[in-house]
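Visitor: Could you have a look at this structure, given as structure tokens, before my questions?
The values are calculated or read from the model by the stated rules, or taken from the named source; none is laboratory data. Model, not experiment: these values are computed from the prediction. Neighbour counts are summed over all protein chains in view; Cβ atoms, including those assigned to glycine, are modelled from backbone coordinates with ideal geometry.
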Amino acid sequence: MKVTGLALVPPLTAADLPKVTPELLASVLARYSRSNEGIHAILDKVDLANPDASIDRILKFVDYGHASIGGLTGGLAIALDDVSMWLAYKIFEIAQMADGQESSTRYITMDAANLPTPAEIGVPEDLAPRWQALMAKSFAAYNAEYSRLDALGVAEPDRVRIPADAKPAVVTRIRKNYALDRARYFIPLATRTNLGLVQTSRMWATTVKQLDSLPQPEARAAAKLIREELVKMSPRLTRHSIAEKSYQEQAAQELAVSLRMGLARLSTAPLADEVWVHADRSTPPFLSEEQTVPEALRHRANRYGYQGTATRRMRVSFAWNNMAIAELRDLNRHRTGHRYTPLIQVGFYLPPEITHAAHQSLLDEQAALTRELMQRGSPAYVYSLLLGAQTPFEHSTHADKFIYEAELRTGMGAHYRYAEHLSAVLRAFFVQVPEARQWVVEGTAEPE
């Protein structure tokens, strides 16, 4: 057996490396899979002075589908500035194989200047003034509650969980985060944010195709801009990243479900917590599970340790009836398995430090606009939602990934509401898999 690092062996020198485009790398690896010559022999035939000709020659010979070699391009990084939080959420939902980051609500501008125009996001022209007024009121509520809670954290320091040995700068940051993380439920989902993702050409093409098939104009505009950047790095493998009928039809059906469910359940009252978990341990009769759950878990030093087959083979689906969009934005980024939400407002969450009654007029106005947009069948209804809107959210994956997520989201530094949600779902999981309880480390989310 011989293992070769393509970036380190002749004839690719340091001076040559910038010439090795993602598509050239992918085509060389595709040719490698159809040859017994060895990688050096294939590289000897590559003309780095004319990489396009080399790519075309190899792809013609190999006759692979574009998707099958698109995954060989390595990570292509793209940053998207000034997209709405809704679009950032949607891209993370679509790009399930990507590594990425989004700007935290703790660091972006919180005022009406940081919003797209109504035309950019498809808000009907006659509702545009109403939408803009609502967004301004929402930011005003956010800023007012942040200022109040920040002062409360200073006046009543026992409210904020601060480590005994924390330095003054840490104390200040934790107190501000206490206020920020509770006021954030008034932030509009339309607020502009930034995100960056790294994934292969294959996955980018699928992402762009799906974005281009959505009914929201912001998604289609983003698809066009991303495609223009991808063409510079991977032109041949990006050809098929356009809207396609099956994607469009499924997007239309999902929108119809969201509108129907949303109109039936729209509410501004807080929705009490409810969780659902289904653990499936079934195995083929000819390949039964020989390992116990404790043996799969007990050898780990922390959540990053490797788990055994007893949890890696166990399917787990879990759901909440009332996931606030503020939390959904992060829980949606756990990449394994499938995540689903109709993204509707079945209630509105506010932390105990903020009373609904003080903001009922704003919430009623917000719900009325959401209802109007839904009654018109407008996909722009998503831009009338605030981060406190509660929606059903389902995630299906395997037990090892579920346990990692539960330990992470209840662990040190986790947001308090994450910890509440994941602790509840853990309790339901332990009812079905009681032998895991001793070996799963449920944290207390301290400090905030």
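Visitor: Which of the residues belonging to region 84-100 are closer than 30 Å to Ala179 by Cα and surrounded by 14 or more Cβ atoms within 10 Å (Cβ to Cβ)?
Guide: Ser84, Met85, Trp86, Leu87, Ala88, Tyr89, Lys90, Ile91, Phe92, Glu93, Gly100
Visitor: Let me ask something else about it. Condition test on Pro285, is it surrounded by 13 or more Cβ atoms within 10 Å (Cβ to Cβ), more than 28 Å from Arg148 (Cα to Cα) and more than 27 Å from the chain's Cα centre (by Cα)?
Guide: Answer is no for this residue.
Visitor: Quick one: is Ala256 touching a His at 6+ places or on another chain (Cβ under 9 Å) and over 30 Å from Gln432 (Cβ atoms)?
Guide: no
Visitor: Pairs needed: first member in region 382-397, in the same structural domain as Ala319 (by TED's automatic domain parsing) and more than 17 Å from Ala141 (Cβ to Cβ); second member anywhere, in a strand (DSSP E or B) and among the β-branched types (Val, Ile, Thr); C-beta distance under 7 Å; at least 6 residues apart or different chains.
Guide: Hits for this filter: Thr397/Val316.
Visitor: Only one residue in Ala223, Ala269, Ala179 is without any contact (Cβ under 8 Å) to a residue 60 or more places away in the chain and farther than 22 Å from Leu80 by Cβ, so which one is that?
Guide: None of the other options fit; the residue is Ala179.
Visitor: In region 387-429, what residues are assigned to a loop (DSSP other than H, G, I, E, B) and under 20 Å from Leu350 (Cβ atoms)?
Guide: Leu387, Gly388, Ala414, His415
Visitor: Would you confirm whether any residue within region 305-313 is surrounded by fewer than 15 Cβ atoms within 10 Å (Cβ to Cβ) and within 30 Å of Ile354 (Cβ to Cβ)?
Guide: no
Visitor: Within the bounds of region 206-220, is there any residue that is free of Cβ contacts under 8 Å to residues at least 12 places away in the same chain and more than 30 Å from Ala112 (Cβ to Cβ)?
Guide: Within region 206-220 (the criterion being free of Cβ contacts under 8 Å to residues at least 12 places away in the same chain and more than 30 Å from Ala112 (Cβ to Cβ)), the answer is no, since none of the residues qualifies.
Visitor: If you don't mind, another one. Looking at this structure, is Ala243 more than 30 Å from Val198 (Cβ to Cβ), without any contact (Cβ under 8 Å) to a residue 40 or more places away in the chain and among the aliphatic types (A, V, I, L, M)?
Guide: no
Residue-by-condition table, conditions (1) in the same structural domain as Leu197 (by TED's automatic domain parsing); (2) among the aliphatic types (A, V, I, L, M); (3) within 22 Å of Ala77 (Cβ to Cβ):
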| position | (1), (2), (3) |
| --- | --- |
| Lys224 | yes, no, yes |
| Glu229 | yes, no, yes |
| Lys232 | yes, no, yes |
| Arg239 | yes, no, yes |
| Gln248 | no, no, no |
| Met261 | no, yes, no |
| Ser267 | no, no, no |
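Visitor: Output the number of the condition that Asp126 fails; it satisfies all remaining conditions of (1) more than 18 Å from Leu87 (Cα to Cα); (2) surrounded by fewer than 15 Cβ atoms within 10 Å (Cβ to Cβ); (3) in contact with a helix residue (DSSP H, G or I) (Cβ under 9 Å, 6 or more places away or on another chain).
Guide: Unmet condition: (3).
Visitor: Residue under question is Tyr142, and the condition is that it be modelled with pLDDT under 95 and not small (Gly, Ala, Ser); does it hold?
Guide: So Tyr142 fails the test.
Visitor: While we're on this one: Hey, any hits in region 183-204 for a residue that's touching a Ser or Thr at 6+ places or on another chain (Cβ under 8 Å), crowded, with 21+ Cβ neighbours inside 10 Å, of a type in the set (Ser, Thr, Tyr) and assigned to a helix (DSSP H, G or I)?
Guide: For region 183-204, residues touching a Ser or Thr at 6+ places or on another chain (Cβ under 8 Å), crowded, with 21+ Cβ neighbours inside 10 Å, of a type in the set (Ser, Thr, Tyr) and assigned to a helix (DSSP H, G or I): present.
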